[in-house]
Amino acid sequence: MKTTLSFSPLLLFLLFSLVQGLNPKCDTQDHGSTLQVFHVFSPCSPFRPSKALSWEESVLQLQAKDQSRMQFLASLVAGRSVVPIASGRQIIQSPTYIVRAKIGTPPQTLLLAMDTSNDAAWIPCTACEGCTSTLFAPEKSTTFKNVNCGAPECNQVPNPSCGSSSCSFNLTYGSSTIGANLVQDTVTLATDPIPAYTFGCVAKTTGPSTPPQGLLGLGRGPLSLLSQTQNLYQSTFSYCLPSFKSLNFSGSLRLGPVAQPIRIKYTPLLKNPRRSSLYYVNLVAIRVGRRVVNIPPEALGFNPATGAGTIFDSGTVFTRLVAPAYVAVRDEFRRRVGGKANLTVTSLGGFDTCYTVPIVAPTITFIFSGMNVTLPQDNILIHSSAGSTTCLAMASAPDNVNSVLNVIANMQQQNHRVLFDVPNSRLGVARELCTK
C-alpha cells in the first residue's frame, strides 16, 4: 500500500540513492513525488539492520520497541495527572502536606492540605470570619453556584442545615470548628479540570487547626476526590511525601491507575462501617532491629464493631500506637540504643525517648498482611532545632480516643510511594526518594 506525500526533489533523491545502495534489487523507478513506505525489516528499508537478524531476534527487537512505546504513551497520559506536593511547614507554616489547586473560572490558585482521612474539600471564601490567609472569591467565578437543600450532596456532609434555600454544614477539625456553605465550581488539579466539583465554602472558623488555604479530602466517602472523579481517576491514587524540611514541591500526587509503580508490595484494605472514610490495614506485628516485640493481639486487632485497628493517614504528623504497642516498641528501642553504655533517656514535649548524645538507631519494621515496611533512621528520629537532642518520632495514642486506633503518620511515610488502590481493595508501599 502506498501513501502519497509531497517532498522536495533533493530529499527524494537522497532517500532513493540510499535505498538503491542498500539493495540494488529494490524498485528505484521514478515515481515523481510519491513516497514509498517500507517496513523497518524490509530488504528495501534504509533502516534495516546491517546484520541480518534471525526471526527470533527480530521479534524480540519489535517487542522491546513496543515496550518503549507503551511506556511513552503511558507517560503522556500520566503526565496530565501528577500534582506536585510540598511540605506546608515551610511554605504556609502548617504541619500538613499541600498541593496547588485552581478553583473557579477564571482560575484562582490556592494551596490545599491533602488529607486521606477527610472527604469533603473546603476552602476559605470571601468575607470568611476567622480566616487569615488567601481567600477564594466566588463572585469572580462564572462557574460558581450554591448547592440547594434538596440536592443529594446536602445529605452527604456532616451536620447539614438549611436555614435558607442553600445547604450549609459545620464540622470539627482537630481543635478547630468550621462552618461552610456547600457549593460547586470547577476545580483543576494538574491540567485536569473537574467541573461542578462539590466543596465547602468556609464562612467561619475558630481554633488553630484549620489549614489556612483549605483542604482536599482524599478519604473514601461520597464527597471525596475519589468519589467525585471516579470515572476520571478510577478511585486510585498514590503519593510520595518529601521531608517536612523540604522547601520544594518535590513530592507528587499521582491520580489514576496509569503510571503507578509496578514493583510494590501490597496489603489488603479493610472496610470499617463505623469509620468508612479511613484506610484501614491489618498490622500484625512490629519488629525493632531483628526482634519482633511482644504486643498483645488486641492492641493491633481490627474490629469493625468498635473502630479499632490501624490506618494510614497523611494528616497526622507522628505515628501513634496504642499504649501496649508503643511501650513494647519504645522499650526495645531504648534497649538497642543504650546497650552497655546505659545512656540517659530524656523527654522533649510529647516525646519520651530522647537522647542528648549521638545515637545509632535500629530499624523499625511494620509487618502487615502480605507486606513489610522497614523504616530507616530518617523516618524514625526527629532532631531538635539546635541539633543537640534526638528523639524517637513516635508516641502513645492519647487516652481520650474512643477506640483503639494505631495511626501510621506522614513522617513515617516520607520518601515512600504509598498507593491506594480502592477498586482492588489494597494499599501498597515502596521506597522512593522524593526530597530535594
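Worth a mention:
- With distances taken between every two different alpha-carbon atoms, the range 200-355 has a Kirkwood hydrodynamic radius of 19.2 Å.
- Between SER388 and GLN90, the contour length at 0.36 nm per residue exceeds the alpha carbon distance by 105.1 nm.
- Euclidean distance between Cα centres, the range 383-436 to the range 140-158, Å: 34
- The range 315-353-the range 219-249 distance, computed between alpha-carbon centres (Å): 31
- Ligands, DNA and RNA left out, the accessible area of the range 235-275 computed with a 1.4 Å probe is 56% carbon and sulfur.
- Counting only protein heavy atoms and using a 1.4 Å probe, the accessible area of ILE98 comes to about 0 Å².
- Once the Cβ-Cβ distance of ASN159 and THR344 is raised to the sixth power relative to R0 = 56 Å, the FRET efficiency obtained is 0.70.
- Dipole size of the range 373-436 about its Cα centre, with +1 on Lys/Arg Cβ and -1 on Asp/Glu Cβ: approximately 180 debye, rounded to the nearest 20.
- Quotient of C-alpha Rg and 2.2 N^0.38 Å, computed over the range 117-256: 1.06
- Above-threshold pairs, the threshold being 24 Å between Cα atoms, out of LYS245/LYS265; LYS140/LYS204; LYS102/LYS204: LYS245/LYS265
- Modelled spin labels at VAL292 and ASP192, positioned 7 Å past Cα toward Cβ, are 3.9 nm from each other.
- Relative contact order %, the range 341-383, counting alpha carbon pairs below 8 Å whose residues are six or more apart: 23
- Potential lengthening between THR206 and THR105 on full extension [0.36 nm per residue; Cα-Cα distance subtracted]: 33.5 nm
- Computed with a 1.4 Å probe over protein heavy atoms only, the accessible area of THR363 comes to about 60 Å².
The values are calculated or read from the model by the stated rules, or taken from the named source; none is laboratory data. Keep in mind that this is a model prediction, so the values were computed, not measured. Note: ideal-geometry Cβ built from the backbone for every residue, glycine included; neighbour counts use all protein chains shown. Side chains are part of the model used for accessible areas, which takes the heavy atoms of the whole protein and leaves out ligands, DNA and RNA. Shrake-Rupley method; radii C 1.70, N 1.55, O 1.52, S 1.80 Å.
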